[in-house]
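Note sheet for the following structure.
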Amino acid sequence: MDIISWLATGMIVGLIMGAITPRALNVGFLGSMGMGALGAVVLCFLASIVGLFPEQQFSWMGVLIAVIGAVGGHIVMMLFRKLSKV
């Protein structure tokens, strides 16, 4: 149940970040959602290994960390596009 909330939160935040990203750095609808989901799951997985929130159950701390991970993943993607000029 917890990973589903991470994925859903990451996709929603990725969608919102894709809407506010400048056109030159945007990767599209699916790219933004995918990068948001990837960032959310990776950061939440690392946080669960460290023990910041309970495993196998829903927690608002997990949702908050998923939002931070999704925004961070989107920022990393924008920096990569800016530096590589793709």
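Would you say Gly10 is under 18 Å from Arg81 (Cα atoms) and assigned to a helix (DSSP H, G or I)? Judged against the criteria, Gly10 is not a match. Scan the stretch 28-86 for residues that are more than 15 Å from Val13 (Cβ to Cβ), open to solvent by 30 Å² or more (accessible area, probe 1.4 Å) and in contact with a Phe, Trp or Tyr (Cβ under 7 Å, 6 or more places away or on another chain) and the total you get is 1.
Of the residues Leu79, Leu52, only one is in a helix (DSSP H, G or I) and either of a type in the set (Val, Ile, Thr) or over 17 Å from Leu7 (Cα atoms) (or both); which?
Result of the check over Leu79, Leu52: Leu79.
The values are calculated or read from the model by the stated rules, or taken from the named source; none is laboratory data. Model, not experiment: these values are computed from the prediction. Counting neighbours? That spans all protein chains shown, and the Cβs are built from the backbone with ideal geometry, glycine included. Areas reflect the complete protein model, heavy atoms only, side chains present, ligands, DNA and RNA absent. Shrake-Rupley method; radii C 1.70, N 1.55, O 1.52, S 1.80 Å.
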